[in-house]
Amino acid sequence: MLFKSLEFKLISGQKVKITDIPVLEEDNKYRFMLQIRLQKLLSTISSQRNPKSTYSFKEYLKKVLKWPDYEALYGNFILKNNA
């Protein structure tokens with residue numbers, strides 16, 4: 001699975017980075033849910049007085065999603081021949 005990160009500046013000028021954002025295909029059933037959760041996280045960060053400089057989207061999803069959905073996204077993928 002591929003991951004991306006997002007870095008931006010708040011109105012106050014502070015840089016914030018969100019890591020571990022999964023890249024999903026267009027037809028994946030979790031894509032819309034992840035977009036909404038990412039928007040929710042962004043609005044939460046922007047409304048905080050003293051936000052941290054780095055957030056993990058993976059850790060955020062672990063807190064807010066049901067476990068079967070989280071495991072379907074970040075489950076352990078077994079690679080053939082250690083590739």
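Would you pick out the residues in segment 18-56 that are among the basic types (Lys, Arg) and either closer than 19 Å to residue 75 by Cα or not in a helix (DSSP H, G or I) (or both)? Matches in segment 18-56: 29, 31, 37, 49, 52.
Restricting segment 46-65 to residues that are of a type in the set (D, E, K, R) and either within 15 Å of the chain's Cα centre (by Cα) or closer than 11 Å to residue 16 by Cβ (or both), the residue that is surrounded by the most Cβ atoms within 10 Å (Cβ to Cβ) is 58. Scanning segment 1-46 for residues that are of a type in the set (S, T, N, Q) and closer than 21 Å to residue 65 by Cβ yields 5, 19, 28, 35, 39, 43, 44. Entry remark, segment 1-45: residues being free of Cβ contacts under 8 Å to residues at least 40 places away in the same chain, surrounded by 15 or more Cβ atoms within 10 Å (Cβ to Cβ) and within 9 Å of the chain's Cα centre (by Cα) number 8 in total.
For segment 13-37, give me the residue count where each residue is touching a strand residue (DSSP E or B) at 6+ places or on another chain (Cβ under 9 Å) and under 18 Å from residue 53 (Cβ atoms). So the answer is 7.
Any read-out appearing in this document is the output of simple, stated calculations on the displayed coordinates, not a laboratory observation. This is a predicted model, so every value here is computed, not measured. Cβ coordinates were reconstructed from backbone atoms using ideal geometry, including for glycine residues, and neighbour counts include every protein chain displayed.
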